[in-house]
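Nothing in this text is a laboratory measurement; each read-out follows from the coordinates by a stated rule. Please read these numbers as outputs of a predicted model, since none were measured by experiment. Backbone-built Cβ (ideal geometry, glycine too); neighbour counts: all protein chains shown.
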Amino acid sequence: MVAVDGPSGSGKSTVSRRLAAALGAQYLDTGAMYRAVTWAALASSIDPQDAEAIAKVAGEIDLEVGTDPDAPYTRVDGTPVDRAIRGPEVTGAVSAVAAVPWVRQLLVAQQRKIIGAAARIVVEGRDIGTVVAPDADLKVYLTASAAARARRRSEEYAADLSATAADLDRRDRFDSTRSADPLQRATDAVVLDTTELGIDEVVARLRAMLDGRV
Ligand code: C5P
């Protein structure tokens, strides 16, 4: 099992999916799960700051995630939400939802079940190496300069660069300073700065580490 953590725009998703496909492993995007709970809350007109109401929604929905790296999906009560959870409304509210301890407890339990049932799996998030799977075979912490991360995200979403940079900065600060399972590098994680590295290079390095070649 491989844990990939890091801030937004560090290359986590692309690297994790490619690595999983190359290994013939499953792939779990835990950020999509927090986004799906956020989507469900917004769909019910719940204030993302209302922790009690958010926790209730998280407990009530049926959240399904597909772990094929070539075709991952997220469904809430049977409805595909893959596109909606990447929109600005969800992105603007997700950090508040992810800071609610009960939401984290529920999702971490679901993530551990998925991990436990998989023969091989690459899991990406913020707290995988520290909380969800502290005994992962390989823990990776991806970083990149703030400028590179903002550029990647704005290209990916065809969004304005300065607004994207401001959003990333806000979310990273919030995610790193919340009291419940903040974004943190596991002390035994391999740190890779992807500012100057292409995706292929990062994936190749991780494969070499898994093969014991490094
Ligand atoms: O990775 P992504 O940007 O989709 O994650 C969205 C948000 O979900 C993050 O900003 C963070 O607030 C939350 N998250 C989390 N723990 C994880 C994965 C994501 O708190 N393991």
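For the range 164-214, just say rounded, prolate or oblate: build the C-alpha gyration tensor, square-root its eigenvalues into a ≥ b ≥ c, call rounded for a/c under 1.5, and beyond that prolate if a/b exceeds b/c, oblate if not. Since a/c reaches 1.5 but b/c is at least a/b, the shape of the range 164-214 is classed as oblate. For the range 49-106, the set of trypsin sites (Lys or Arg not before Pro) satisfying both a DSSP loop assignment and a count of at most 13 other C-beta atoms within 10 Å is given as ARG83. In degrees from 0 to 90, rounded to the nearest 10, what is the angle of the helix 161-177 Cα long axis to the longest principal axis of the chain? Roughly 90 degrees, rounded to the nearest 10.
DSSP beta bridges confined to the range 2-211 are antiparallel in about 25 percent of cases. The distance between label points at ALA180 and ASP200 comes to 4.2 nm (points 7 Å beyond Cα on the Cα→Cβ vector). Taking 0.36 nm per residue of separation and subtracting the Cα-Cα distance, full extension of the segment from ASP82 to ALA147 would add 20.8 nm. Cα centroid separation, the range 159-188 to the range 9-83: 18 Å. The modelled label-to-label distance between GLN49 and GLU156, using points 7 Å beyond Cα along the C-beta direction, is 2.8 nm.
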